[in-house]
Amino acid sequence: MKSARRHARAADGSRARTERGRAAGDISRIGGGTRIIAVFGDPVEHSMSPTIHNAASAALGLDRVYVAFKVKPKDLATALRAIPALGIVGVNLTVPHKEQAAQLIKRLSREARTLAAVNCVINRGGILFGDNTDARGLERDLRALQVAIQGGIAIVIGAGGAAASAMLACARLGAGQIVIANRTRERGERLARRLSRAARGTKLVARGLDALVDRALLASARIILNATPMGLTTPRFARLDYKATRTDCFFYDLLYSARPTAFLKPAVTLKRRFADGAGMLINQGALAFELFNDIAPPTGVMRAALYARLGRRGRK
Ligand code: NAP
């Protein structure tokens, strides 16, 4: 409510600036007073964060520009130290920096501590504050998609940082049980132990990828989320018995692309409900935008910019 009011007030107050800055790609709006926000990653060329953040800043007429820096893991500490020196407003972190940043930044939100990963660093008067908006972004998207998992079983494929965010999101949506299906079972077990307190009433169970052909388990799952790069870094997805799933089972891939991903394709054929990670990207980005700029962004503008960049239409 508070952020919606701030959004509306700023939208009114900045109409003149909005006209000036409407075109996100118009570099003539960059001047001596323009402040920088950035993403650090390696690789980083593929990042869609500049697209969505610049579109929102331009729509609001903010004198800010969002750029991508390719930062090698060995240079992360130096790059973070440069943020106050350069007056950078804040940065997002992507692969492979999220976990290392949680070790380097002293002031962390409870969420970043729980996930042991930082995806968003805010420069508060020269002091760096680390947060993580991935789980909240996914939770928002699942709520918008009206995925009902209260008391039910969720299967999360993977046991890395993205899987940890998916588990927190499902636990907050009230999942009764989360089954972590990971290639390396011990990693799933470690993750389950680490998140057991944050997941509160939700039972966490770690299994290998054999869980994806366990017909009894699949027949009771309300949602299956892919939090691995399978299908992107491999020619196909793992063996999964799609036909054994409930007709109302929701398939969510944290990856996103112009067309349905390898994980989603069989679900589309079976007419199951599905979504890819574009909505998570927009929502985690919107939460970060608000932390950086102290104003809620127009998420429709962010979505339109992302879809135009991906070359696709519609919600999915
Ligand atoms: P990560 O830490 O590298 O984790 C990768 C996970 O995938 C591990 O559990 C790993 O299993 C598994 N894996 C990798 N290759 C595999 C293969 N060939 N076969 C089976 N399992 C495999 O990565 P992450 O940071 O969690 O990210 C995972 C994905 O989520 C990325 O592709 C990322 O783009 C996406 N993501 C999307 C958003 C969004 O906003 N939409 C946000 C964050 C992440 P092992 O433990 O056995 O190695």
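The values are calculated or read from the model by the stated rules, or taken from the named source; none is laboratory data. All values derive from a computational prediction rather than experimental measurement. Cβ coordinates were reconstructed from backbone atoms using ideal geometry, including for glycine residues, and neighbour counts include every protein chain displayed. Accessible surface areas use protein heavy atoms only, side chains included; no ligands, DNA or RNA. Shrake-Rupley method; radii C 1.70, N 1.55, O 1.52, S 1.80 Å.
Hydrodynamic analysis of the chain uses the Kirkwood radius over alpha carbon pairs. Inserted into Stokes-Einstein at 37 °C and 0.692 mPa s, it gives a translational diffusion coefficient of 162 µm²/s. Restricting to the chain, what percent of DSSP beta bridges are antiparallel, rounded to 5? Of all bridge pairs located within the chain, approximately 20 percent are antiparallel. With θ taken as phi - 60° and the Karplus curve 6.51 cos²θ - 1.76 cosθ + 1.60 applied, the whole-hertz 3J(HN,Hα) list for the range 88-105 is 5, 5, x, 9, 8, 10, 10, 3, x, 9, 4, 6, 4, 5, 5, 7, 8, 8 Hz, x standing for glycine and proline. Take the alpha carbon gyration tensor of the range 123-204, find the square roots of its eigenvalues, order them as a ≥ b ≥ c, and report rounded if a/c is under 1.5; if not, report prolate when a/b exceeds b/c, else oblate. Judged from the Cα gyration tensor, the range 123-204 comes out oblate (a/c at least 1.5, b/c at or above a/b).
When a 1.4 Å probe is rolled over the protein heavy atoms, the share of accessible surface on the range 125-203 that falls to carbon and sulfur comes to 45 percent.
A 1.4 Å probe run over the protein chains yields, for the chain, 47 Å² of accessible area per residue, whole-number rounding. Per-residue packing, averaged as other Cβ atoms within 10 Å, sorts the ranges 122-135, 232-245 into the order 122-135, 232-245, beginning with the highest. Residue ranges 162-172, 178-188 sort as 162-172, 178-188 when ordered by packing (mean number of other C-beta atoms within 10 Å per residue, highest first). Legend: residue pairs LYS74/LYS203; LYS106/LYS203; LYS74/LYS106; LYS72/LYS106, Cα-Cα distance threshold 26 Å; pairs beyond threshold, LYS74/LYS203; LYS106/LYS203. Its residue count N sets the reference 2.2 N^0.38 Å, and the alpha-carbon radius of gyration of the range 139-184 equals 1.10 times that reference.
Bridging of LYS265 to aspartates and glutamates at a Cα separation below 15 Å is possible for ASP241, ASP253, ASP276, once same-chain residues fewer than 8 apart are set aside. Quick check on the range 190-252: take the gyration tensor over C-alpha atoms, sort the square-rooted eigenvalues as a ≥ b ≥ c, and tell me if it's rounded (a/c under 1.5), prolate or oblate. Here the range 190-252 falls in the oblate category. In straight-distance terms, cross-link reach from LYS70 covers every one of the aspartates and glutamates whose alpha-carbon lies under 15 Å from its own, apart from those fewer than eight places away in the same chain; here that gives ASP42, GLU45.
Could you work out the local net charge near ARG35, counting Lys and Arg as +1, Asp and Glu as -1, over the other residues with Cβ closer than 9 Å to its Cβ? With Lys, Arg at +1 and Asp, Glu at -1, the neighbours total 0. Shape of the range 18-174 from its Cα gyration tensor (a ≥ b ≥ c, root eigenvalues): rounded if a/c is under 1.5, otherwise prolate when a/b > b/c, or oblate? Taking the square roots of the gyration eigenvalues as a ≥ b ≥ c, the range 18-174 is oblate. Close amide H contacts of GLY208 (hydrogens built in the peptide plane, cut-off under 5 Å, sequence separation of 5 or more or a different chain): ASN182.
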